[in-house]
Amino acid sequence: MAVAQPSLPVLDLSRFDADPAQRTALLGELREAAQGPGFFYLVGHGVSSELISDVLAASRRFFDLPERDKLSIEMINSPHFRGYTRAGLEFTRGRPDWREQLDVGAEREALPFDRSSPPWTRLQGPNQWPAALPALKPTLLRYQAEVTRIAIAVLRALAAALGQPDDVFEPIYAPAPTQLLKIIRYPGRAAGESDQGVGAHKDSGFVTILLQDRVAGLQVETDSGWIDAPPRPGSFVVNIGEILELASNGVLRANVHRVVSPPSGVDRLSVAFFLGARLDATVPLLDLSPELAAHSRGVTQDPLNPLFREVGQNYLKGRLRSHPDVARRHHADLLDPASPPSEPASAY
């Protein structure tokens, strides 16, 4: 059972560009949140309520399409892990997640296929869009551009909170950061069924910017147990990803979280955006002040889900494990035949 308290902090991003006193106060609050739960609510982000309404409405229209229209862009058709996934076909910790979703990345051309190239080059390529809903593409790409702006602003603030230049991470994300947008629907589950909307996991990028509709379900693991992160109007939920844990040697915390399925007769919409480094980048180890370095917990060591500083290798690992059907169809040469099919993974 999730406990009612404590709750996640609420941070106002507009204070980063305010007077020095407000900026300093924000950086302290941000550092505390990033070292503690690794999650916070973000307000003062500048994303219009109209765009938020538009993307939620477009998501609902997509999930209301006939199944044949959604399956016309099923992810298994894409070697780049783009497209629609039915409930139960993405896996976290070897168990199926009960959600349907559409994965949209940056609109970039596929790189030439060459087995002598680094395997992560296969991740870049075009999105799949439903012919039955032509308005979806411009809406989601407009939203993706806005949340990319927000995610980079948060990343700059986190750099400052670590005593680094605001642009310290720019060399590993510019000019082509990894961008992944997921529109997600969690169907209700009857009592007695598995409540795994998404199993417990960490996110692999810099930061995640999550938009929730009116139905709760997100939970964050803390030292005192699981806490709920219900929707707050006008806010996003932001969490730290594994790149920042690697770069800060564990001063910043990429924390475990999950989504619990809603009850029968109810569904839940969310829109998650993941900002990551360039696929060809290597995550540096920042030179932190002795005061900050004293808070280092080191990088999480999980022999079942190792972390790599090579960004492309880390992302590819997660996608191959989370979408085994796509992996078997398009990337069988990369799979270890000795690995069990239920090998655990970070969901993103």
Out of 145, 151, 132, sole residue that is small (Gly, Ala, Ser) and in contact with a helix residue (DSSP H, G or I) (Cβ under 7 Å, 6 or more places away or on another chain): 132
Residue match in segment 57-69 (condition: among the hydrophobic types (A, V, I, L, M, F, W, C), in contact with a Ser or Thr (Cβ under 8 Å, 6 or more places away or on another chain), more than 30 Å from residue 246 (Cα to Cα) and at pLDDT 95 or above): yes
Residue list for segment 60-83, restricted to those being within 17 Å of residue 108 (Cβ to Cβ) and surrounded by fewer than 19 Cβ atoms within 10 Å (Cβ to Cβ): 79
Among (1) within 23 Å of residue 280 (Cβ to Cβ); (2) touching a residue at least 24 places away in the same chain (Cβ under 8 Å), the one test that residue 167 misses: (2)
Sole exception among (1) of a type outside the set (Asp, Glu); (2) in a loop (DSSP other than H, G, I, E, B); (3) within 30 Å of residue 61 (Cα to Cα) for residue 137, by number: (2)
Selection count, segment 151-205, where residues are surrounded by fewer than 21 Cβ atoms within 10 Å (Cβ to Cβ), in a helix (DSSP H, G or I) and of a type outside the set (Gly, Ala, Ser): 5
Output for segment 204-220, where each listed residue is of a type in the set (Val, Ile, Thr) and under 16 Å from the mean Cα position of the chain (by Cα): 207, 208, 209, 220
Tally of residues being part of a strand (DSSP E or B) and either of a type in the set (Lys, Arg) or over 11 Å from residue 207 (Cα atoms) (or both) across segment 237-276: 9
Residue tally, condition within 16 Å of residue 211 (Cβ to Cβ) and within 16 Å of the chain's Cα centre (by Cα), over segment 247-288: 9
Some residue of segment 283-303 being more than 29 Å from residue 89 (Cβ to Cβ) and β-branched (Val, Ile, Thr): yes
Lone qualifier among 227, 243 - being more than 23 Å from residue 60 (Cβ to Cβ) and either crowded, with 23+ Cβ neighbours inside 10 Å or within 17 Å of the chain's Cα centre (by Cα) (or both): 243
Count - residues of segment 311-337 that are without any contact (Cβ under 8 Å) to a residue 60 or more places away in the chain, out of contact with any Lys or Arg (no Cβ under 8 Å at 6 or more places or on another chain) and farther than 16 Å from residue 78 by Cα: 3
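The values are calculated or read from the model by the stated rules, or taken from the named source; none is laboratory data. As the structure is a prediction and not an experimental result, all values here were calculated from the model. Backbone-built Cβ (ideal geometry, glycine too); neighbour counts: all protein chains shown.
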